[in-house]
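Have a look at the structure below before the remarks.
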Amino acid sequence: MPVKDAQTERLIIETAMRIFFVEGNIHAKTQTIADAAGVNRGLLYYYFKKREQLLQVVFKEALSVIDMRMRELFFRSNMSFREKIGQFVEFFIDNNLKYPYLEMFLITEVNSGAHNVLKPASEEVKFLLVNIEKELKEEIKMGNIPDMSAQQFMANVISLCAYPIISKPLLKEMMIMDEHKYQIFIKERKQLVLKVLFRN
């Protein structure tokens, strides 16, 4: 049995991430990924026994960047709650621009019954909810945010950030925006989200 090569494994992972999250080929078969990586399908299966295993690896890798940033902001940061959310919004939007089909990929996989793919994301959201709850209650008490649960607040944050990217083709068509205007729209969005979330 040949020894696994870290560079080949890395190539397969990066190719899969590009196909799934950047190009939006959500239903790509292992043969498509193997061809794009320049390896045969047998070699791909040597590194990843099932498509689901590869999915878990690439999704976990995409989430690891989000996880690291969240922990920096909400666990080790001395910024105000508004500043933390502002930094998170900017990062979340930028990351979704880098991987524009990541959210759609997650929704599609879960709807198809692949709930195991959701596990890493659930753990990240659970961590986030626990760590913002105390500060959120303080902001609500001061009147800076309407009374709501941490779940409702984060649903607002995520939907306000993710929807304009998930629906990019629709928005550009309906609002008559070219790519340049869309990029300006997204840049403005980073500031607008905070104005929607916070009263002050």
Item checked: Residue under evaluation Tyr47, criteria (1) touching a residue at least 40 places away in the same chain (Cβ under 8 Å); (2) closer than 24 Å to Asn95 by Cβ, criterion not met -> (2)
Checklist line | Residue count, region 167-181 (criterion: within 27 Å of Phe153 (Cβ to Cβ), surrounded by 12 or more Cβ atoms within 10 Å (Cβ to Cβ) and not basic (Lys, Arg)) | finding: 2
Notebook entry, point to check: Of the residues Ile85, Ile93, Ile12, which single one is within 19 Å of Ile166 (Cβ to Cβ) and either touching a residue at least 24 places away in the same chain (Cβ under 8 Å) or assigned by TED's automatic domain parsing to the domain that holds Pro164 (or both)?
Noted result: Ile93
Checklist line | Failed item, numbered, when Arg199 is tested on (1) closer than 16 Å to Phe88 by Cβ; (2) in contact (Cβ under 8 Å) with a residue 40 or more places away in the chain; (3) among the basic types (Lys, Arg) | finding: (1)
Note to self: Criterion first (within 30 Å of Arg199 (Cβ to Cβ), at pLDDT 85 or above and surrounded by 13 or more Cβ atoms within 10 Å (Cβ to Cβ)) does Asn25 satisfy it?
What the structure shows: no
Next item on the list: May I ask you to list the residues in region 142-185 that are assigned to a helix (DSSP H, G or I) and either of a type in the set (S, T, N, Q) or under 14 Å from Gly86 (Cα atoms) (or both)?
Entry: Gln151, Gln152, Phe153, Met154, Asn156, Val157, Ile158, Ser159, Leu160, Cys161, Gln183
Check: In region 54-77, which residues are modelled with pLDDT of 85 or more and either more than 25 Å from Leu97 (Cα to Cα) or among the acidic types (Asp, Glu) (or both)?
Finding: Glu61
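The values are calculated or read from the model by the stated rules, or taken from the named source; none is laboratory data. Remember, predicted model here, so these are calculated numbers, not experimental data. Glycine gets a Cβ as well: all are built from the backbone with ideal geometry, and neighbour counts include every protein chain shown.
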